[in-house]
Each structure stands twice: as C-alpha cells, then as structure tokens.
Amino acid sequence: MGTKDRTFIDKCIKDDKGAITVFQSPNLPLIVWGVSTIMTKISSGTVQNFFGLIAFGAIFTWAWLELFQGVNYLRRLLGFVVIVLSIYSKLKY
C-alpha cells in the first residue's frame, strides 16, 4: 500500500507500513515524566519544584516529538493537545 493509496482514516491511525499505532510502549520522556510526577507528589519544597520542572520538561519534550515526528495524524494531534495543556497548566492568573 503506497502513501497515495492511504485514506484519511488510515493516516490517522496507521503508520507508513500500515500497522495500527494508536498505542505504543512508553519512551524515555514519558518514563521520566511519570517518575518525576510521582516524585512531586511524595516530596516537598525545593525538591518538589525541581521534580515539577523535570516533569514539565519531559512531557513537553514528548509532546514536541509527537507533534513533529508522530507516526500518524492522531499522534500528532495528541502532541499538540499535550503542549497546549502543559503550557496552560503553567499559566498563573
């Protein structure tokens, strides 16, 4: 199946080889985000702030990679949504 033969739905849920790739195993930025997020919940003060910064950086990195290198449109949309939500969560009124 060439790239010209792919429908919009195929481009949303399948990679270039035709495999469905809605879910994938976590990569390094997601693992770092998960561990850092847990550490922010069990620590306090400066250490909590440090892990919060690491968690934000890791999830932003993951989302950026998905946005620009995601294997399908759904993954790229997910990256965009996570970037927007990550930035929104850091805004202070």
Note to self: Could you work out what % of the accessible surface of segment 16-93 is carbon and sulfur, using a 1.4 angstrom probe and leaving DNA, RNA and ligands out of the count?
What the structure shows: 72
Next item on the list: Output the Cα-based Rg and Dmax of segment 1-55 in Å, rounding Rg to one decimal and Dmax to a whole number.
Entry: 18.6, 55
Check: Over the alpha carbons of segment 38-85, what is the largest minus smallest coordinate on each principal axis, giving the biggest first in Å?
Finding: 39, 15, 12
Notebook entry, point to check: Between residue 87 and residue 47, what is the label-to-label distance in nm when each label sits 7 Å out along the Cα-to-Cβ direction?
Noted result: 3.3
Checklist line | Probe 1.4 Å, accessible area per residue of the chain, Å² | finding: 74
Checklist line | Over 18 Å [Cα-Cα, the chain], rounded percent | finding: 54
Next item on the list: For n ≥ 4 DSSP H runs only, could you compute -39500 (n - 2.57) per run for the chain, divide by its residues and tell me the 222 nm figure to the nearest 500?
Entry: -23000 deg cm²/dmol
Notebook entry, point to check: How do the peptides 55-67, 72-84 rank, highest first, by the average count of neighbouring beta carbon atoms within 10 Å per residue?
Noted result: 55-67, 72-84
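The values are calculated or read from the model by the stated rules, or taken from the named source; none is laboratory data. On a predicted model such as this, the values are computed, not experimentally measured, just so you know. Note that we place each Cβ from the backbone using ideal geometry, even for glycine, and neighbour counts take in every protein chain shown. Protein only, heavy atoms only, side chains kept; ligands, DNA and RNA dropped before computing areas. Shrake-Rupley method; radii C 1.70, N 1.55, O 1.52, S 1.80 Å.
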